[in-house]
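Working notes, beginning with the structure itself.
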Amino acid sequence: MENDQEKDIKQVFQRKLIIKGCLWLTLLTTASIAAVFFYNNTGSMLNAIKHIKPKFILTCICMVFVDLMLGSWRNHIFVRKLYPRLSHWVSFRANVANMFMGAITPFHSGAGPAQLYVYNRYGVKVLDGFIISLINMGATLLFMPVAGFIAILIMNDQLETGLVPALLKYGFTVFFIFLLTFVLAFLKPVWVGRGIQLMAFTLGKVFVKKNEALNSWADKSFANIAKYQAICSKLLNDHPFLFPMSLIITGALYFNKYCMQYIILLGLGIHTSFAQVVAVQILIQFMIYFAPSPGGSGFAEASIAILFSSIVPADVISVFTLLQRSFLLFFPALVGAYVVLSLLKKQTFNDQ
């Protein structure tokens, strides 16, 4: 099982995949921001840039650091119970690597393997790292829909645009499926295992040539789920305050992200309702979390342009979009890129 997971991790860290992901992220984001720029006919964009207040931008930089620290501590509260001598900075590196690979892969799919890769390079077993990621994913799956529901209550009269309700339905559907699977796998692992085996058996009847491979995958998945559930239960039973603490850190982590948008607006000289800005950002974060494009590119920019249009003047919206994406995605991803590429370079050197 450990070897299978290590193979999956190595598949994510292929040079071509990383380059391709970076190119797609850059192209989609550039095209989306350009579309926002031309759609709003913002000829005074340079004037908006000139009037940016540096003190608020510096505040945002500090908030990015807080974001990275909270993300790393969310993992480290678990890691230090299993590996007491492991430095917090290993968790910091794992977190930024998570953000980088999540930004350049569809559906955020490279984030988890990146985190496992970094931890594994510093002596953490892949299974232990996976379980920590799984528990924190549970905290996110609980927090995000609740935050999204509260935001909808705040902004109910402003959600009539066609794209936004569609993205919200997509977001709630995906979160519900993941949360249901997570809860069932934890409380009723046998049910989930039997369900996977039944699905594999059914697909095997349709795709006869794949029948043996599907059944083998189902049996491995059944065994893995049972093992994950047993280890998770032991960890949480031995340390009952860890999951509530993870929920609190998750809330603080995302609230810091939401507040950052308000600070950016102040930096652009825009004074508006704090609650409305936070509600808008909650919905954007919720809708793009499982977006099919790298880093949610395209979906994020469109959501910002639509939902912030009643708050941000047309001549500022493209600058705001660029700053928002930079502080929430690009700057953390750049730090993560440095960590990932440094480790890959070191590994290549050691393998020679």
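The values are calculated or read from the model by the stated rules, or taken from the named source; none is laboratory data. Predicted model, so just to flag it, every value in this text is computed and none were measured. Please note: Cβ atoms are built from the backbone with ideal geometry, for glycine as well, and neighbour counts cover all protein chains shown.
Observations, loosely collected:
- Selection status of residue 287, touching a Cys at 6+ places or on another chain (Cβ under 7 Å) and crowded, with 16+ Cβ neighbours inside 10 Å: no
Each row is one residue, and each column tells you yes or no for (1) surrounded by fewer than 19 Cβ atoms within 10 Å (Cβ to Cβ); (2) more than 29 Å from residue 298 (Cβ to Cβ).
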| site | (1), (2) |
| --- | --- |
| 61 | yes, no |
| 69 | yes, yes |
| 74 | no, no |
| 79 | no, yes |
| 88 | yes, yes |
| 101 | no, no |
| 105 | no, no |
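- Qualifying positions in the range 262-276 - modelled with pLDDT of 95 or more and within 23 Å of residue 163 (Cβ to Cβ): 264, 265
- Pairs where the first residue, in the range 262-281, is in contact (Cβ under 8 Å) with a residue 60 or more places away in the chain and within 20 Å of residue 55 (Cα to Cα) and the second is of a type in the set (Val, Ile, Thr) and not in a helix (DSSP H, G or I), C-beta under 9 Å, 6+ apart: 264/270; 267/52; 268/52; 268/312; 269/52
- For residue 318, the test of being part of a loop (DSSP other than H, G, I, E, B) and over 17 Å from the mean Cα position of the chain (by Cα) is failed.
- Residues of the range 41-84 satisfying the condition of being within 23 Å of residue 134 (Cβ to Cβ) and either of a type outside the set (A, V, I, L, M) or touching a Cys at 6+ places or on another chain (Cβ under 9 Å) (or both): 67, 71, 72, 73, 74, 75, 76, 78, 80, 81, 83, 84
- Which listed residue is crowded, with 19+ Cβ neighbours inside 10 Å and of a type in the set (Val, Ile, Thr), from 190, 206, 277: 277
- Of the residues making up the range 239-259, those that are in a helix (DSSP H, G or I) and either touching an Asp or Glu at 6+ places or on another chain (Cβ under 8 Å) or without any contact (Cβ under 8 Å) to a residue 60 or more places away in the chain (or both) are 244, 248, 253, 255, 256, 257, 258.
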